[in-house]
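Engineer: One structure is given below, represented as structure tokens, and several questions about it will come after.
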Amino acid sequence: MNERNAPTTPAADPAPTTAADPAAAVGPAPAGAGRRRPHYAWVVAAVALLVLLGSAGFRSTPSLMMDALHNEFGWSLGTISSATSVNLALYGLTAPFAAALMDRFGVRLVVVCALLTISVGAGLTMLMREPWQLVLCWGVLVGLGSGSMAGAFATTITGRWFRARQGLVTGVLTAAGAAGNLVFLPVGAWLVEEHGWRSAVVVVSLAATAVAVPVLLLMRERPADLGLLPYGATEAPPAPAPQGRALARSLRVLRGASRSRAFWLLAGSFAICGATTAGLVGTHFIPAAHDHGLPVTTAASLLALIGVFDVVGTIASGWFTDRFDSRLLLVVYYALRGFSLLLLPQLFAGSLEPPILAFVIFYGLDWVATVPPTVALCRRHFGEDAPIVFGWVLACHQIGAAVVAGLAGLTRDALGTYDLAWYVAGGLCAVAVVLCLALRGDGAAARPVPALS
């Protein structure tokens with residue numbers, strides 16, 4: 001390792017390293033340059049964390065409103081779920097184009113526009129009277145906005161700003177989704193119960209606008225803009241080539257990636273990931289628990305508690321991804337998730353019992369632990385195009401989520417129970433295990449980046 005990047009004490013971050021551009025090194029050192037400061041990559045990561053916290057919380061709100069909307073407007077759960085399906089599908093389909101737009105117009109502009117789109121979509125929901133208006137506001141507008149801050153955003157940030165600890169930072173940013181649920185679900189459930197569903201959407205609208213402020217003030221595009229190297233790098237990365245139109249580039253990358261067997265295996269397994277998390281549990285856990293007698297606020301707290309353990313599980317998964325075979329990690333994660341979902345119908349009860357709490361802990365540790373190894377595999381196979389490729393893989397994730405969100409609602413309307421949905425989800429996880437095992441021989445293990453000591 002280059003000595004000028006090495007920390008002087010074991011606990012310190014590496015000193016901010018300057019880009020290997022002679023122009024960046026010209027001029028006297030600024031006053032106080034000898035003092036050690038955290039690398040600006042951590043500031044950018046903190047802003048990204050805040051954005052992803054908010055985005056996750058915004059997406060979780062519809063599951064809280066399902067019973068309230070049903071009671072006020074008489075809409076079936078299948079009808080209400082259709083808006084969630086559109087939201088989930090657009091969330092995924094927007095991601096690869098958002099990654100290309102970030103390359104073309106900058107992360108800051110794209111994220112600010114996305115947050116304001118969410119604010120407008122949530123605010124207009126207060127005026128709706130028909131189901132199509134729910135689909136337009138929460139499905140289309142909030143879906144497009146949240147999709148612009150999907151996993152491709154985290155992949156872009158970690159890819160540009162970090163060389164060391166990429167897996168760990170990816171895990172932390174991914175865990176922001178669970179942490180966002182932890183904050184928004186209990187508060188949102190209380191607002192819906194005490195003040196009606198409109199109060200919850202007002203909070204979402206105002207919060208989305210507020211989050212845009214630190215993005216405007218603190219977000220930077222690349223380390224070179226500040227005369228720095230990425231965190232942990234010993235030499236400057238090559239200058240980004242002009243990418244042209246974002247739409248054309250996204251489609252060009254998809255065309256190239258689609259020729260790879262690994263792309264389809266990752267896309268298929270990640271579609272199942274979406275189906276068994278955001279599509280089923282994220283959308284229908286609260287009404288399913290309510291069917292068994294649990295109050296909405298208690299069910300929302302359980303879903304938030306899943307988020308607590310998801311934070312632990314996802315950060316740990318990022319740490320594992322830096323050290324172990326990503327393919328085998330995915331095999332373990334999907335197998336454990338399928339086992340827990342097969343047991344869930346027998347665990348619901350009208351009050352908080354140890355079995356449902358055990359499910360919350362077990363399932364929570366596994367919720368989005370799949371993201372860091374999937375991102376690592378995209379980097380391994382697709383290099384600099386990894387953010388856009390992961391955007392397309394994430395699109396498959398959200399399509400899987402959208403399909404199951406809608407079908408589970410229809411199943412509940414037809415059968416009066418969600419049991420069949422849970423059993424099918426468990427079986428899908430077994431399919432995901434097979435797909436991940438098929439990655440053998442495709443260079444599945446991402447090369448770990450040595451952590452700085």
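Engineer: For Leu330, are the conditions met, namely being at pLDDT 90 or above, closer than 18 Å to Gly427 by Cβ and out of contact with any Cys (no Cβ under 7 Å at 6 or more places or on another chain)?
Structural biologist: no
Engineer: Continuing with the same structure: Which count do you get for residues in the range 353-367 that are within 18 Å of Gly171 (Cα to Cα) and open to solvent by less than 60 Å² (accessible area, probe 1.4 Å)?
Structural biologist: The number of residues fulfilling the criteria is 4.
Engineer: Mind checking which pairs have a first residue in the range 192-218 that is farther than 19 Å from Cys137 by Cβ and a second that is outside any loop (DSSP other than H, G, I, E, B) and among the charged types (D, E, K, R), Cβ under 8 Å, 6 or more apart or different chains?
Structural biologist: Taking only residues 6 or more apart or on different chains, the pairs are Val215/Arg108; Leu216/Arg108.
Engineer: So, one more: Just to verify a result, which residue in the range 218-232, among those that are buried (at least 21 other Cβ atoms within 10 Å of the Cβ) and touching a Phe, Trp or Tyr at 6+ places or on another chain (Cβ under 9 Å), is modelled with the lowest pLDDT?
Structural biologist: By that ranking, first place goes to Gly232.
Engineer: For Leu116, are the conditions met, namely being free of Cβ contacts under 8 Å to residues at least 24 places away in the same chain, farther than 21 Å from Ile399 by Cα and either open to solvent by 20 Å² or more (accessible area, probe 1.4 Å) or touching a Leu at 6+ places or on another chain (Cβ under 6 Å) (or both)?
Structural biologist: no
Engineer: Return the total of residues in the range 368-398 being of a type in the set (Phe, Trp, Tyr) and open to solvent by 10 Å² or more (accessible area, probe 1.4 Å).
Structural biologist: Result for the range 368-398: 2.
Engineer: Further, regarding this structure: Right, His284: open to solvent by 60 Å² or more (accessible area, probe 1.4 Å) and not acidic (Asp, Glu) or not?
Structural biologist: No.
Engineer: In the range 76-83, is there at least one residue being open to solvent by 50 Å² or more (accessible area, probe 1.4 Å) and either under 27 Å from Leu247 (Cα atoms) or without any contact (Cβ under 8 Å) to a residue 12 or more places away in the chain (or both)?
Structural biologist: No: the range 76-83 contains no residue that is open to solvent by 50 Å² or more (accessible area, probe 1.4 Å) and either under 27 Å from Leu247 (Cα atoms) or without any contact (Cβ under 8 Å) to a residue 12 or more places away in the chain (or both).
Engineer: Being over 17 Å from Thr156 (Cα atoms), among the small types (Gly, Ala, Ser), touching a Gly at 6+ places or on another chain (Cβ under 9 Å) and modelled with pLDDT of 85 or more narrows it down to one residue among Ala267, Ala208, Ala257, Ala212; which is it?
Structural biologist: Ala208
Engineer: Taking the range 135-158 as the region of interest, how many residues are buried (at least 24 other Cβ atoms within 10 Å of the Cβ) and either touching a Gly at 6+ places or on another chain (Cβ under 6 Å) or of a type in the set (A, V, I, L, M) (or both)?
Structural biologist: 6
Engineer: While we're on this one: Among Arg108, Arg163, which is modelled with pLDDT of 85 or more, charged (D, E, K, R) and surrounded by fewer than 24 Cβ atoms within 10 Å (Cβ to Cβ)?
Structural biologist: It is Arg108.
Engineer: Which of the residues that make up the range 119-133 are open to solvent by less than 10 Å² (accessible area, probe 1.4 Å), aliphatic (A, V, I, L, M) and touching a residue at least 24 places away in the same chain (Cβ under 8 Å)?
Structural biologist: Ala122
Engineer: Right, here's the next one. Checking Asp322 against (1) under 21 Å from Leu64 (Cα atoms); (2) in contact with a helix residue (DSSP H, G or I) (Cβ under 7 Å, 6 or more places away or on another chain); (3) open to solvent by 10 Å² or more (accessible area, probe 1.4 Å), which test does it fail?
Structural biologist: (1)
Engineer: Does Met128 qualify as being under 29 Å from Pro373 (Cβ atoms) and not in a helix (DSSP H, G or I)?
Structural biologist: No, not satisfied.
The values are calculated or read from the model by the stated rules, or taken from the named source; none is laboratory data. Source: prediction; values computed, not measured. Backbone-built Cβ (ideal geometry, glycine too); neighbour counts: all protein chains shown. The accessibility values were calculated without ligands, DNA or RNA, using every heavy atom of the protein model including side chains. Shrake-Rupley method; radii C 1.70, N 1.55, O 1.52, S 1.80 Å.
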